[in-house]
Amino acid sequence: MISNQNLQNAIDGLKGLLRKDIVVLDREGKLAATTDVEGALPPANFVASVMQSPAENQLIQGHQYFKVTDSGIPEYVLVVAGDDEESFRMGKLAAFHVQSLMAAYKERYDRDNFIKNLLLDNLLLVDIHNRAKKLRIENDLRRVVFLVETQLDADMNAIEVLRGIFPDRQKDFVTAVDESSIILVKELDEREGTEEIEQIANVIVDTLTTEAMNHAYVAIGTVVNDLQSVSSSYKEARLAQEVGKIFEEEKHIVNYERLGIGRLIYQLPLPLCRIFINEMLQGFSIDDIDEELFATVTKFFENDLNVSEASRELFIHRNTLVYRLDKLQKMTRLDLRKFTDAITFKITLMVNRYMQYRER
């Protein structure tokens, strides 16, 4: 059902065109929207009379009353002051506009339900094709799923902001899946690849930050070529979201295709991880590494094992960095200046982080 806020926006626009105040009441006679903020509400029995009458409109005490129906069932009564022909025409036009708006929102609701069921694998293949055809959604198109984690308020501002970025509702679908996640199913053309997809994610993060005042975290699935595969892209975005929070927590955008070794580690069972940690460290704990030494190792990896570059960025002498690496070697028996030892220790750190995440 259309919200009262959207209904208010609609009649505000109509007043600007028709130069008439409009009042919309729900089936119980309660005010849904009005442009006549100082006007008195019509008596409840007038509203009941219009709702129960087989006539589409009535003239009662100098006011035009119009029923607004949904599938033949009265949902609203629209009221325009005046008993002349012009007031009738204006009211009829306003009622038609509100009814068309309701139909459009109902169709979007149906499309949202279809997309949600599609993402959750709740549809048979034959149902996918039949319902897509009924809703005028093409099947064989390139699409990708963006999973946007952000704060959703009562007015769903974040969703409306996203729908403003991607207004073509025949091609792109924006829907909420829970209290903190929004799904964007985006249609792509043949020229759009990984770089363009990540640029779209950047636009989402930047726009939500500036317009909705919300921090956003975006996970991206892989590109699929038909509707039945959209759920796979969604599952990959979900996996990217989880893996990214473990291994790339400083990033706001994570792409399933760029997860690298983190995706492999995420699939490992915890008992196997414990065996690996024990074999690599033989009783030594990652927690025994102090903050200074850990920061040194991190910067050393970021600079591709380049001692000079890492020491420069840490603002320390080269020999100080070498001393710290020697200290770590005594603790772990791994010399990070050697590629094999470095990659072993890097994987060990990632496995340890994964275990901590799983054991929370």
| task | Working only within the range 210-227, note down all residues that are open to solvent by less than 60 Å² (accessible area, probe 1.4 Å) and either closer than 30 Å to Leu349 by Cα or not acidic (Asp, Glu) (or both). | result | Ala212, Asn214, Ala216, Tyr217, Val218, Ala219, Ile220, Gly221, Thr222, Val223, Val224, Leu227
| Mind checking which residues of the range 224-258 are under 17 Å from the mean Cα position of the chain (by Cα) and among the hydrophobic types (A, V, I, L, M, F, W, C)? | Val230, Ala237, Leu239, Ala240, Ile253, Val254
| query | Can you tell me which residues in the range 60-81 are of a type in the set (S, T, N, Q) and at negative phi? | reply | Gln64, Thr69
| Boolean, Asp12 is charged (D, E, K, R) and not in a loop (DSSP other than H, G, I, E, B) | yes
| Is it true that Asp206 is closer than 25 Å to Val243 by Cα, in a helix (DSSP H, G or I) and open to solvent by 50 Å² or more (accessible area, probe 1.4 Å)? | yes
| task | Identify, from the list Asp178, Asp189, Asp127, Asp121, the residue that is in contact (Cβ under 8 Å) with a residue 60 or more places away in the chain and among the acidic types (Asp, Glu). | result | Asp121
| note | By residue number, the members of the range 320-348 that are open to solvent by less than 50 Å² (accessible area, probe 1.4 Å), under 23 Å from Leu264 (Cα atoms) and either assigned to a helix (DSSP H, G or I) or not aliphatic (A, V, I, L, M) (or both) are Asp341, Ala342, Thr344, Phe345, Ile347, Thr348
| query | Quick check: is even one residue across the range 160-169 open to solvent by less than 40 Å² (accessible area, probe 1.4 Å) and without any contact (Cβ under 8 Å) to a residue 40 or more places away in the chain? | reply | yes
| Residues being within 12 Å of the chain's Cα centre (by Cα), modelled with pLDDT of 85 or more and open to solvent by 20 Å² or more (accessible area, probe 1.4 Å) - total across the range 170-191 | 1
| If you scan the range 325-345, which residues turn out to be among the basic types (Lys, Arg), under 15 Å from Asn306 (Cβ atoms) and either touching a His at 6+ places or on another chain (Cβ under 6 Å) or in contact (Cβ under 8 Å) with a residue 12 or more places away in the chain (or both)? | Arg337
| remark: Filter the range 135-153 for residues that are basic (Lys, Arg) and open to solvent by less than 60 Å² (accessible area, probe 1.4 Å); the one that is nearest to the chain's Cα centre (by Cα) is Arg143
| said: Condition first: assigned to a helix (DSSP H, G or I) and in contact with a strand residue (DSSP E or B) (Cβ under 9 Å, 6 or more places away or on another chain). Can you find one or more residues in the range 137-146 that meet it? | reply: no
| The lone exception for Phe284 - which of (1) more than 23 Å from the chain's Cα centre (by Cα); (2) without any contact (Cβ under 8 Å) to a residue 24 or more places away in the chain it fails | (2)
| Lone qualifier among Arg169, Arg163 - being assigned to a loop (DSSP other than H, G, I, E, B) and within 26 Å of Tyr217 (Cβ to Cβ) | Arg169
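The values are calculated or read from the model by the stated rules, or taken from the named source; none is laboratory data. As the structure is a prediction and not an experimental result, all values here were calculated from the model. Using ideal geometry, Cβ is built from the backbone for each residue, glycine included, and neighbour counts are taken over all protein chains shown. For the accessible areas, the whole protein counts, side chains as well, though only heavy atoms, and no ligand, DNA or RNA atoms are used. Shrake-Rupley method; radii C 1.70, N 1.55, O 1.52, S 1.80 Å.
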